[in-house]
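Data block below; observations after.
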Amino acid sequence: MIKLEELAGQCGEWLRGSGPDSDIVVSSRIRLARNLADFTFMRKCTGLDRASIERTLRERLGRIKQWNTVSFLDVNSLDEVDRQFLVERQLISRELADADGSRGVLVDANEQFSVMINEEDHLRIQVMNSGLDLMGAWERINRIDDMIEKHVTYAFHERLGYLTACPTNVGTGMRVSVMLHMPALVLTRHLERVFRSLQRISLAVRGLYGEGSQAMGDFYQISNQITLGKSEEELIAQVSEVAQTLIEYERKARNFLVENGLKELHDRVSRAYGLLCTAQTISSEETMALLSSVRMGVNLGLIQDVEIPTVNKLFIHTQPAHLQKISGTALSTADRNIERASYLQRHLGRQAHDESAENN
């Protein structure tokens, strides 16, 4: 059984900072929406229906022998901090966290995949890989989908494909997304123009936590909006091609900043690093903005002896629910700001002090 306190001190698969183009692409995610043929869609379900769906899926998916490292979490019984923790971890959506009634999630011990029960659809299967690795994510989620289908009957139409609660998901039921870190495009003020072009080809741009969330720390999720009429391979190819273009744009913007404003860029990065190492109190929003500059600085070689996995971990571990799980106590906003600063000092301050001593 997975314990959230143990997860809080670890770093998930998608944060390990490896994989292709991981300096810009933090993670690749594929999500499948599936429904059971024997039940109505969630919007028509009664409380008894929701309980029956959860009970059925929990029992049947528990038969999958390959899932000996998978644990079930009853989301309905979790408190607000634990639900928020799972959202910050990207293991469940905000919609599942904020919903009512019977709902749960199956989580792989290595956080390579999770299966949400009773979100907008009966099942939401998701796989996240580090870096730009959509094909690897697709191969894994395809195997998982096949395993599940051996134990349940999906709602499927020969002409339309998989039937889902939202019409935009009908067909493959697949949402392909990549999370990119694009601070240079933000600094050069080219991002809005890029995003307008994405909307013209039916790609959605969202924040760190997906639909309905705002961008924080210059992180953006790019995903397909429509699944009907396209195969899984076509959807993957479309998002992958756009991701490669965005990677190229971001790299050009970073090179431009280095060639035309190294002193200003170095000052920005150094100030961000210094503040994170010395602040006595700091908000989540300011932390995200400063870490974004530090992450870019590490990738450009402006900050030495700090590794990307460490920075990636700090983005998540300094979020409100993670801080409370790590500290083992409920914290007010003011106390979280103090604890966040202390946490950052423990992980970055000592490093900055050692480097300063060496320089002196």
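The values are calculated or read from the model by the stated rules, or taken from the named source; none is laboratory data. Predicted, not measured: the structure shown is a model, and the values here were computed from it. Cβ atoms come from the backbone with ideal geometry, glycine included; neighbour counts cover every protein chain shown.
Given the options 89, 124, 103, name the one that is more than 25 Å from residue 242 (Cβ to Cβ), modelled with pLDDT of 95 or more and of a type outside the set (Gly, Ala, Ser). Break it down into steps so the answer makes sense when it comes.
On the way: 89 fails: modelled with pLDDT of 95 or more; 124 fails: more than 25 Å from residue 242 (Cβ to Cβ).
Result: 103 is the single residue among 89, 124, 103 that is more than 25 Å from residue 242 (Cβ to Cβ), modelled with pLDDT of 95 or more and of a type outside the set (Gly, Ala, Ser).
Might you check whether a residue that is surrounded by fewer than 19 Cβ atoms within 10 Å (Cβ to Cβ), under 24 Å from the mean Cα position of the chain (by Cα), within 30 Å of residue 183 (Cβ to Cβ) and modelled with pLDDT of 90 or more occurs anywhere in the range 8-20?
Yes: one or more hits.
Show me the strands (runs of 3 or more DSSP E) found entirely inside the range 82-131 where at least 1 residues are under 19 Å from residue 145 (Cβ atoms) and touching a Phe, Trp or Tyr at 6+ places or on another chain (Cβ under 8 Å).
Here the list reads 104-108, 123-130.
Here are some residues: 286, 241, 250, 259. Which one is free of Cβ contacts under 8 Å to residues at least 12 places away in the same chain, surrounded by 14 or more Cβ atoms within 10 Å (Cβ to Cβ) and not small (Gly, Ala, Ser)? Steps first, please.
Numbers: 241 fails: surrounded by 14 or more Cβ atoms within 10 Å (Cβ to Cβ); 250 fails: free of Cβ contacts under 8 Å to residues at least 12 places away in the same chain; 259 fails: surrounded by 14 or more Cβ atoms within 10 Å (Cβ to Cβ).
None of the other options fit; the residue is 286.
Search the range 325-346 for residues that are surrounded by fewer than 15 Cβ atoms within 10 Å (Cβ to Cβ) and pair each with any residue that is charged (D, E, K, R) when their beta-carbon atoms are under 9 Å apart and the residues are at least 6 apart or on different chains.
So the pair list comes out as 328/5; 329/335.
Only one of 85, 39 is aromatic (Phe, Trp, Tyr), more than 27 Å from residue 299 (Cα to Cα) and either surrounded by fewer than 22 Cβ atoms within 10 Å (Cβ to Cβ) or free of Cβ contacts under 8 Å to residues at least 12 places away in the same chain (or both); which? Before the answer, list the steps.
Working: 85 fails: either surrounded by fewer than 22 Cβ atoms within 10 Å (Cβ to Cβ) or free of Cβ contacts under 8 Å to residues at least 12 places away in the same chain (or both).
None of the others qualify; the one that does is 39.
Only residues that are over 29 Å from residue 312 (Cα atoms), part of a loop (DSSP other than H, G, I, E, B) and either of a type outside the set (A, V, I, L, M) or out of contact with any helix residue (DSSP H, G or I) (no Cβ under 8 Å at 6 or more places or on another chain) (or both): list them for the range 52-81, please.
Selection gives 62, 63, 65, 66.
Residue 176: touching a strand residue (DSSP E or B) at 6+ places or on another chain (Cβ under 9 Å), buried (at least 21 other Cβ atoms within 10 Å of the Cβ) and either in a loop (DSSP other than H, G, I, E, B) or among the aliphatic types (A, V, I, L, M) (or both), yes or no?
So residue 176 passes the test.
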